[in-house]
1. Scan the range 182-205 residue by residue and report those that are under 15 Å from ARG234 (Cα atoms), polar (S, T, N, Q) and open to solvent by 70 Å² or more (accessible area, probe 1.4 Å).
2. Got a sec? Which of TRP119, TRP208 is part of a loop (DSSP other than H, G, I, E, B), in contact (Cβ under 8 Å) with a residue 40 or more places away in the chain and crowded, with 20+ Cβ neighbours inside 10 Å?
3. Only one of (1) open to solvent by 50 Å² or more (accessible area, probe 1.4 Å); (2) closer than 21 Å to GLU164 by Cα; (3) of a type outside the set (Phe, Trp, Tyr) fails for HIS124. Which number is that?
4. Scan the range 229-236 and give yes if some residue there is surrounded by fewer than 15 Cβ atoms within 10 Å (Cβ to Cβ) and either of a type in the set (Asp, Glu) or under 19 Å from GLN149 (Cβ atoms) (or both), otherwise no.
5. For a quick check of your reading of the model, give me the residue pairs whose first member lies in the range 145-173 and is in contact (Cβ under 8 Å) with a residue 12 or more places away in the chain and on the phi > 0 side of the Ramachandran plot, whose second is open to solvent by 20 Å² or more (accessible area, probe 1.4 Å) and among the basic types (Lys, Arg), with beta-carbon atoms closer than 8 Å and at least 6 apart or on different chains.
6. Sort out for me the helices (runs of 4 or more DSSP H) sitting completely within the range 9-61 that have 2 or more residues that are open to solvent by less than 20 Å² (accessible area, probe 1.4 Å).
7. Quickly run through the range 74-106 and pick out the residues that are more than 19 Å from ARG251 (Cβ to Cβ), touching a His at 6+ places or on another chain (Cβ under 8 Å) and in a strand (DSSP E or B).
8. Here is a list of conditions, (1) part of a loop (DSSP other than H, G, I, E, B); (2) under 17 Å from the mean Cα position of the chain (by Cα), and PRO136 meets all of them except one; can you say which number that is?
Amino acid sequence: MATPTFLPPFCALSELPQRLQQQGFAVLPPADVARWIGCNLSDLQALEPDWNDLPPDHYLRDGGRYRQRRHASFIVQEATVHTVHHRAHWQPVEYNALHGGMERWFEPMRPDSLTRPVWNQLLHTLGQLCTDVFTPGHPPPPWFVESHQFRIDTTDGIGRPTPEGAHRDGVDLVAVFLVARQGVKGGETRVFEACAPAGQRFTLTQPWSLLLLDDARMIHETTPIQPEVAGGYRDTLVITCRRGGFQDNPRS
């Protein structure tokens, strides 16, 4: 029997902060994502060729070869976006049982991506949302932001968007943009309340639709993908925002 596909529970753009505060996550369709950022959808689509030039992820502990990625770090405070010197991505084992506790030096994002006006607009908008939702009534704090470009392919028959399973990331906000979905089945998004049994499942299919998560409240995962046609893949842009500093290896 085929697995049913559940549509994303899109919310109205005007309801975004309240939805995130009330239920711990929110989903926006592509047109509203562009309107929220203050750009044209074509500006976001102009970023897509970068996903055709992602190097392999050599840190997969499950032995897989299905993931390609790049990484970059920023500090966002109000209208200022500062690009941080390239650094390792590190998570404690409490948040990533599979890859936690190791410094992962992924290749940096391409400079021409970071100089596009839409990129600063996107990061500024996420920082403003974090301030509105997590620190209302207080001066805007600096937000320590990490960006990950992912391609999960099906060359070996299966690709795992979240090989660590259902997890939290140890940040304040997680933003998952679907960039492309070509020739695959599966890839269902599942979000659960961390302290309750409630949860939802749905599949993002429209490029530049967006899932936003309050990471302290929600656990999330994406199920494996399989090819419908040869060469199928799923591209995402995952951005995390955190108060107080980056997660860094305390032994460094």
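The values are calculated or read from the model by the stated rules, or taken from the named source; none is laboratory data. Quick caveat, the model's predicted, so the values are computed rather than measured. Cβ placement follows ideal geometry from the backbone for every residue including glycine, while neighbour counts extend to all protein chains displayed. Just the protein is used for accessible areas: all its heavy atoms, side chains included, with ligands, DNA and RNA removed. Shrake-Rupley method; radii C 1.70, N 1.55, O 1.52, S 1.80 Å.
1. Those that are under 15 Å from ARG234 (Cα atoms), polar (S, T, N, Q) and open to solvent by 70 Å² or more (accessible area, probe 1.4 Å): GLN182, THR205.
2. TRP208
3. Every condition holds for HIS124 apart from (2).
4. Initially, the range 229-236 is screened for residues surrounded by fewer than 15 Cβ atoms within 10 Å (Cβ to Cβ), giving 229-231.
Cutting the leftovers down to either of a type in the set (Asp, Glu) or under 19 Å from GLN149 (Cβ atoms) (or both) gives us 231.
Yes, the range 229-236 has at least one match.
5. GLY170/ARG242
6. 16-23, 30-37
7. PHE74, ILE75, VAL76, VAL81
8. Unmet condition: (2).
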